[in-house]
Amino acid sequence: MSVNNLAVDLAQVGRRTDALAAAREAAWLYRQARQIHGPVYDDDVSRIERLVASMTDAVNEADNVNEADKAERPPDPQAKG
């Protein structure tokens, strides 16, 4: 399985942070391939960089939703502290 396919599969099962890490790794690998083999990898680099940007937005949005959800919850009466 390719690293970029792994990233997509992880995102589909909700493992956004792991998916983002895999996508970043794939982007790094494609950039390295482009340095070695030239512009033949330009389309791949562009595609994976769009995927990284999209996943970054999704992770950030999920983090913001989680933070907002925590802020809206009333204090837990069972919690010590």
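The values are calculated or read from the model by the stated rules, or taken from the named source; none is laboratory data. Quick caveat: nothing in here was measured; it's all calculated off a predicted structure. Every residue, glycine among them, receives a Cβ derived from its backbone with ideal geometry; neighbour counts consider all protein chains shown.
A few points about this structure:
- Qualifying residue in segment 3-11 (condition: modelled with pLDDT of 90 or more and β-branched (Val, Ile, Thr)): no
- The residues on offer are 21, 62, and the sole one that is of a type in the set (A, V, I, L, M), modelled with pLDDT under 95 and surrounded by 15 or more Cβ atoms within 10 Å (Cβ to Cβ) is 21.
- All told, residue 27 falls short of being at pLDDT 80 or above and touching a Ser or Thr at 6+ places or on another chain (Cβ under 9 Å).
- Of everything listed in (1) surrounded by 10 or more Cβ atoms within 10 Å (Cβ to Cβ); (2) modelled with pLDDT under 80; (3) over 20 Å from the mean Cα position of the chain (by Cα), the single unmet condition for residue 77 is (1).
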